[in-house]
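Take a look at the structure set out below.
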Amino acid sequence: SRFSLNLMDQHFERRQEAISTSTDDIIEMQDILRILKVHTIVIRILAAVAKDPVSADRMSSYLVDFLRFFCLKNPKNQVALHAPDSLEVFVGQLLENVGAERLLLAVFEGNYELCARNNQQVIQDLVLVLCNGNAEQPAIE
């Protein structure tokens, strides 16, 4: 179990580095990852490791950075991460100091269509987490 976490940690660290340093066709790489639904797997892993503080400390920042680079300046990938269950996971990570705030900004950055949607529940959950200091119970619908 510990071995597989270390291996997964190394894998996502390398993937995040590859995406963040790539200058050749980054949008194409992001699109391939979306088509393969890699983001859904990463979000599930992020949600699972959030329940284990030892794993969360090591993995969450790599997973969040991977997702941030996955959607950076890519409207289709931003929409893919705008799902309520995904946003709930991201909001739940805000108080963990893993970069979730940068991820949330990347989801909306430059995407006026997403910004124009009814994001009232997202805003309410953000305010709730930030005011109460409790990332346990966001209710994004």
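Any read-out appearing in this document is the output of simple, stated calculations on the displayed coordinates, not a laboratory observation. Please read these numbers as outputs of a predicted model, since none were measured by experiment. Counting neighbours? That spans all protein chains shown, and the Cβs are built from the backbone with ideal geometry, glycine included.
What the table shows:
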{"quantity": "Gyration tensor (alpha-carbon) shape descriptor, the range 37-134, a/c threshold 1.5", "calculated": "oblate"}
{"quantity": "Estimated vicinal HN-Hα couplings, Hz - the range 25-35 in sequence order (Karplus 6.51, -1.76, 1.60; Gly, Pro = x)", "calculated": "6, 4, 4, 4, 5, 4, 5, 4, 4, 5, 4"}
{"quantity": "FRET E, pair Asn119, Ala47, Förster distance 22 Å, beta-carbon r, rounded to 0.05", "calculated": "0.60"}
